[in-house]
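Before any comments, here is the structure.
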Amino acid sequence: DAGVIQSPRHEVTEMGQEVTLRCKPISGHNSLFWYRQTMMRGLELLIYFNNNVPIDDSGMPEDRFSAKMPNASFSTLKIQPSEPRDSAVYFCASNSRDRKNIQYFGAGTRLSVL
Amino acid sequence: AQRVTQPEKLLSVFKGAPVELKCNYSYSGSPELFWYVQYSRQRLQLLLRHISRESIKGFTADLNKGETSFHLKKPFAQEEDSAMYYCALRQEGFQKLVFGTGTRLLVSP
């Protein structure tokens with residue numbers, strides 16, 4: 001398996017633009033997580049899905065952020081409109097409820113909002 | 001609410017010196033504890049978990065329920081251990097992980 005796949009790897013945009021980050025979880029995994037990593041706050045959970053259903057979105061900063069999981073193999077995190085303070089690395093992770101129950105991370109998307 | 005505390009933002013040691021990265025947690029139930037490592041510009045990867053009771057890359061961590069700690073230790077640090085280390089907790093019956101703010105380990109030659 002190629003692991004959790006995120007795209008794009010880097011995104012540079014201007015304030016006010018819409019940004020869409022994409023994630024393909026590991027095949028067979030039924031939980032998907034979106035995290036934001038910054039120097040100041042470390043790794044923060046934004047939202048997670050079980051079986052494509054959002055379970056906990058309490059970490060989503062504000063209404064400008066939204067996430068969807070239309071099927072088991074794809075999820076998006078959208079920021080509209082983007083602001084400079086959204087600049088961070090965004091990670092997606094997935095895991096399955098098997099004996100291992102380990103969370104596997106993607107390589108991340110480095111977002112810069114100018 | 002569950003909380004994970006990593007008191008040190010940065011830990012700097014010389015090669016060959018012992019290393020201990022501190023992790024304390026607050027949770028009233030039976031937690032599952034993890035250490036994740038992130039090498040420079042790479043993805044986070046699981047280093048070890050308390051239920052495995054194993055040593056990975058020379059690192060060990062023991063869950064101390066009395067002190068609510070899960071410190072990561074290595075007797076002799078190597079330069080390639082330089083990375084960001086995150087301690088994480090999972091509540092019984094839940095999938096989500098609660099992460100600490102991370103400790104950057106720098107091992108100098």
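The values are calculated or read from the model by the stated rules, or taken from the named source; none is laboratory data. No experiment lies behind these values; they were computed from the predicted model shown. Every residue, glycine as well, gets a Cβ built from its backbone with ideal geometry; the counts of neighbours run over all protein chains shown. Note: accessible area is taken over every heavy atom of the protein model, side chains too, but ligands, DNA and RNA are not part of it. Shrake-Rupley method; radii C 1.70, N 1.55, O 1.52, S 1.80 Å.
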Subject >> Residue within segment A:6-20 that is more than 23 Å from B:Val37 (Cα to Cα) and among the hydroxyl-bearing types (Ser, Thr, Tyr) present >> reply: yes
**OP:** Would you check if there is a residue in segment A:22-31 being open to solvent by less than 30 Å² (accessible area, probe 1.4 Å), touching a Phe, Trp or Tyr at 6+ places or on another chain (Cβ under 7 Å) and facing chain B (nearest Cβ under 10 Å)?
**Re:** yes
**OP:** Would you mention how many residues in segment A:66-84 are in a loop (DSSP other than H, G, I, E, B) and under 10 Å from A:Thr20 (Cβ atoms)?
**Re:** 1
Original post:
Taking the condition farther than 21 Å from A:Tyr104 by Cα, of a type in the set (Ser, Thr, Tyr) and open to solvent by less than 10 Å² (accessible area, probe 1.4 Å), does B:Ser108 pass?
Top reply: no
Original post:
Out of segment B:47-68, which residues are away from every other protein chain (no Cβ under 14 Å), of a type in the set (A, V, I, L, M, F, W, C) and closer than 22 Å to A:Phe105 by Cα?
Top reply: B:Phe59, B:Ala61
Subject >> Tally of residues being open to solvent by 50 Å² or more (accessible area, probe 1.4 Å) and part of a helix (DSSP H, G or I) across segment A:85-106 >> reply: 1
Original post:
Quick one: would you say B:Gly16 is more than 26 Å from A:Val89 (Cβ to Cβ), open to solvent by less than 70 Å² (accessible area, probe 1.4 Å), more than 14 Å from chain A (Cβ to nearest Cβ) and in contact with a helix residue (DSSP H, G or I) (Cβ under 9 Å, 6 or more places away or on another chain)?
Top reply: no
**OP:** Could you check, for segment B:84-102, whether at least one of its residues is assigned to a strand (DSSP E or B), within 14 Å of chain A (Cβ to nearest Cβ) and surrounded by fewer than 16 Cβ atoms within 10 Å (Cβ to Cβ)?
**Re:** no
Subject >> Among (1) more than 12 Å from chain A (Cβ to nearest Cβ); (2) loosely packed, with under 13 Cβ neighbours inside 10 Å; (3) of a type outside the set (S, T, N, Q), the one test that B:His71 misses >> reply: (2)
**OP:** Output the residues belonging to segment B:24-44 that are open to solvent by less than 50 Å² (accessible area, probe 1.4 Å), within 13 Å of chain A (Cβ to nearest Cβ) and outside any strand (DSSP E or B).
**Re:** B:Tyr39, B:Leu44
**OP:** Scan segment A:55-84 for residues that are open to solvent by 60 Å² or more (accessible area, probe 1.4 Å) and within 12 Å of another protein chain (Cβ to nearest Cβ) and report the count.
**Re:** 3
**OP:** Tell me, yes or no, whether segment B:53-67 has at least one residue that is assigned to a strand (DSSP E or B), crowded, with 17+ Cβ neighbours inside 10 Å and touching a Lys or Arg at 6+ places or on another chain (Cβ under 6 Å).
**Re:** yes
**OP:** Return only the number of the condition from (1) in contact with a Lys or Arg (Cβ under 7 Å, 6 or more places away or on another chain); (2) under 23 Å from B:Gly100 (Cβ atoms); (3) among the β-branched types (Val, Ile, Thr) that A:Ile55 does not satisfy.
**Re:** (1)
